[in-house]
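The values are calculated or read from the model by the stated rules, or taken from the named source; none is laboratory data. From a predicted model like this one, the values you see are computed outputs, not experimental measurements. We place every Cβ from the backbone using ideal geometry, glycine too, and count neighbours over all the protein chains shown.
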Amino acid sequence: MFSGMYVGAVAAAMLVTGAGSAYGAGTETTDRSGTDGVHASPAADSERGYVMRTDARFAPPGALAPSAALTYDPELVPAGAWIEVAQSSAANGATTVKLRVRGMKPGHDYGVHVHRKPCGTDPTAAGGHYQHVPSDNPADANPDNEVWLDFTADRSGSGEARAHHAWNFRRGEASSVIVHSQPGNHGTRVGCFTVPFGWTAGTA
């Protein structure tokens, strides 16, 4: 039987998907990289952990048809570009996060990190990076203590990345991915995607 965690995950997904729009809304588990939409498929229980996949099309802040993915720089993150984030967390907390994108600037090097808060009109609304061990020491802003999903867009503007950690997110402390103009711990915030990241019992 699914735990209360599953109910919370579904509620989070519903907040992300929202009502139907020109960018689309719905729930499914298949690849929709060639179509518009925001979709989430979360599932969690105490034995199997947490599995989620969500995708969206980038839209400018304040667009008539809102989206869970926002572009702050249409040159690097064009409106209509597609992003997908998937999470798989085992019951013991080991977590894999995967990123796929389409329609980005060909040949550009991007930095992508999981951030603590949901996206907003202001790029700073997503707060800082999620850290496994919270720290004010700049040396702790690294791919071992954080989730980094840097990639280089290919000639068609597509890219993907994967990060694996022995730890999982704490409940309610990971809410988005920010796309940066440069890889690593540099660059401005050029895009944001609100994501229903989940957790397992040991990290609640």
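Number of residues in segment 159-192 that are buried (at least 24 other Cβ atoms within 10 Å of the Cβ) and without any contact (Cβ under 8 Å) to a residue 40 or more places away in the chain equals 0. Every test in (1) over 20 Å from P143 (Cβ atoms); (2) surrounded by 16 or more Cβ atoms within 10 Å (Cβ to Cβ) is passed by R116 save one, and that test is (1). The residue pairs whose first member lies in segment 145-158 and is modelled with pLDDT of 95 or more, whose second member is outside any strand (DSSP E or B) and hydrophobic (A, V, I, L, M, F, W, C), and whose beta carbons are closer than 7 Å, counting only pairs six or more residues apart or on different chains, are N145/V133; A153/M104; G157/M104. H129 falls short on exactly one of the conditions (1) surrounded by fewer than 16 Cβ atoms within 10 Å (Cβ to Cβ); (2) within 18 Å of H186 (Cβ to Cβ), and that condition is (1).
Rundown of residues vs (1) more than 25 Å from Q131 (Cα to Cα); (2) over 16 Å from the mean Cα position of the chain (by Cα); (3) modelled with pLDDT of 50 or more, yes/no style:
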site: M5; (1), (2), (3): no, yes, no
site: A43; (1), (2), (3): no, yes, yes
site: R57; (1), (2), (3): yes, no, yes
site: W82; (1), (2), (3): yes, no, yes
site: Y110; (1), (2), (3): no, no, yes
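Screening T96 against (1) crowded, with 16+ Cβ neighbours inside 10 Å; (2) under 30 Å from G202 (Cβ atoms); (3) at pLDDT 95 or above leaves a single unmet condition, (1).
Note on segment 85-204: enclosed strands (runs of 3 or more DSSP E) holding 1 or more residues that are small (G, A, S) and within 25 Å of P66 (Cα to Cα) are 109-115, 159-165, 176-180, 189-194.
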